[in-house]
1. Return the total of residues in region 149-173 being outside any loop (DSSP other than H, G, I, E, B), among the aliphatic types (A, V, I, L, M) and closer than 15 Å to ARG136 by Cα.
2. Of the conditions (1) over 26 Å from LYS109 (Cα atoms); (2) out of contact with any Asp or Glu (no Cβ under 7 Å at 6 or more places or on another chain), GLU154 satisfies every one except a single condition; which number is it?
3. List every residue pair whose Cβ atoms sit under 8 Å apart, with the two residues 6 or more apart in sequence or on different chains, where the first one lies in region 235-252 and is part of a loop (DSSP other than H, G, I, E, B) and the second, anywhere, is of a type in the set (Asp, Glu) and surrounded by 14 or more Cβ atoms within 10 Å (Cβ to Cβ).
4. Return yes or no: is VAL37 in contact with a Pro (Cβ under 7 Å, 6 or more places away or on another chain), surrounded by 15 or more Cβ atoms within 10 Å (Cβ to Cβ), not in a loop (DSSP other than H, G, I, E, B) and not small (Gly, Ala, Ser)?
5. Considering GLU79, GLU170, GLU99, GLU154, which residue is touching a strand residue (DSSP E or B) at 6+ places or on another chain (Cβ under 6 Å) and of a type in the set (Asp, Glu)?
6. I'd like the full set of residues that are hydroxyl-bearing (Ser, Thr, Tyr) and not in a loop (DSSP other than H, G, I, E, B), limited to region 40-88.
7. Hey, does region 169-177 have a residue that's closer than 30 Å to ALA117 by Cα, surrounded by 20 or more Cβ atoms within 10 Å (Cβ to Cβ) and within 23 Å of the chain's Cα centre (by Cα)?
8. Among the residues of region 44-65, how many are under 12 Å from VAL20 (Cβ atoms), open to solvent by 40 Å² or more (accessible area, probe 1.4 Å) and not basic (Lys, Arg)?
Amino acid sequence: AYDFPSGRFARQAGVELVLVGDSLGNCRLGLSDTVGVTMEDMLRATQAVRRGVDATGDATSPKPLVIGDMPFGSYLTMEDALRNAAAFRVAGADVVKLEGGGHLAPVVKALTNAGIAVMSHIGLEPQRALLQGGFRLQGTSAASAMDIIADAKELNGAGAVLLVVEMVPEEVGTAVQASVSCPVIGIGAGGKVAGQVLVCDDMLGMHGRPPSFAKMFFDVGRASTEAYENYVKEVRSGQFPGDKYSRHMPAEELQKLQQLLPQVQLQDTVQESAESPVVNGHAASSSRSQSTSGSFGFELLQGRLLPVQRHGVAGVRL
């Protein structure tokens with residue numbers, strides 16, 4: 001989850017764990033990867049998700065744990081790790097997540113001793129994918145699989161209460177779960193682990209075709225595009241807002257306002273709004289409306305798309 005509504009939706013669906021992932025960078029901030037995500041970005045997102053999870057609404061399921069994903073560069077030193085993990089807790093995260101294998105065991109132990117629960121992330125580690133040969137399946141040989149299992153054991157022994165294993169063969173996911181005492185959450189790691197995590201935008205089809213290990217449960221991207229297209233179409237045609245979505249003054253007050261603004265044909269505008277509206281970028285359907293209502297559009301001027309007035313309100317210069 002990245003914001004208030006996604007946190008609320010997850011809570012209402014009965015999700016047990018909500019990860020505020022640094023995939024915020026490429027999913028919501030338009031970055032090419034997660035490396036450019038900052039602590040400020042992650043803390044703001046965590047606060048929003050926390051509010052969404054806490055918003056009860058009609059949710060009947062238990063409140064999920066919120067996990068804050070510590071971004072690249074936020075735990076390079078022990079001091080950084082402690083300070084930034086504490087900031088996540090203040091922002092509303094119940095647990096913090098760190099990407100990295102056994103070399104991070106001392107950091108996991110220090111955070112645990114400080115009272116901060118840790119989720120470790122092994123297998124494919126997006127923050128250091130360049131060193132892993134890119135975004136590719138990990139643990140494909142017996143030797144590399146044993147390295148991942150060894151990392152899992154060491155991190156669990158240091159105090160990690162949860163493990164994420166990403167993009168490994170199902171057999172490796174199974175072996176990791178069998179080797180540790182904490183729940184293993186898989187993403188592209190097969191179905192024989194304790195739980196699953198997906199990037200919500202992949203699940204919802206927000207950015208087209210998701211990765212091969214992710215299932216699109218609903219095409220929100222297509223539905224959103226259609227909604228925008230329908231909005232543009234109805235505004236340009238005058239169908240929206242129309243009388244249904246417009247509100248009018250009481251007749252007596254409208255008459256007073258008309259007397260105060262004789263140069264503006266307010267009553268005509270109200271009477272004709274349902275039949276011959278004037279909309280941005282297009283002339284009205286009747287010649288009378290063209291002469292009495294303001295019509296605006298956009299034109300390319302000096303290399304910029306700028307709003308321009310096409311017809312002035314009768315007697316008024318806008």
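The values are calculated or read from the model by the stated rules, or taken from the named source; none is laboratory data. Note that the coordinates shown come from a computational prediction; the quantities given were computed from them, not determined experimentally. All Cβ positions, glycine included, derive from the backbone under ideal geometry; neighbour counts span all protein chains shown. Ligands, DNA and RNA are excluded from the accessible area calculation, which covers all protein heavy atoms including side chains. Shrake-Rupley method; radii C 1.70, N 1.55, O 1.52, S 1.80 Å.
1. Final tally of qualifying residues: 2.
2. Among (1) over 26 Å from LYS109 (Cα atoms); (2) out of contact with any Asp or Glu (no Cβ under 7 Å at 6 or more places or on another chain), GLU154 violates only (1).
3. Close Cβ pairs (under 8 Å, with a partner that is of a type in the set (Asp, Glu) and surrounded by 14 or more Cβ atoms within 10 Å (Cβ to Cβ)) amount to PHE240/GLU234.
4. no
5. GLU99
6. Hit for region 40-88 is THR46, nothing else.
7. No - not one qualifying residue is present in region 169-177.
8. 2
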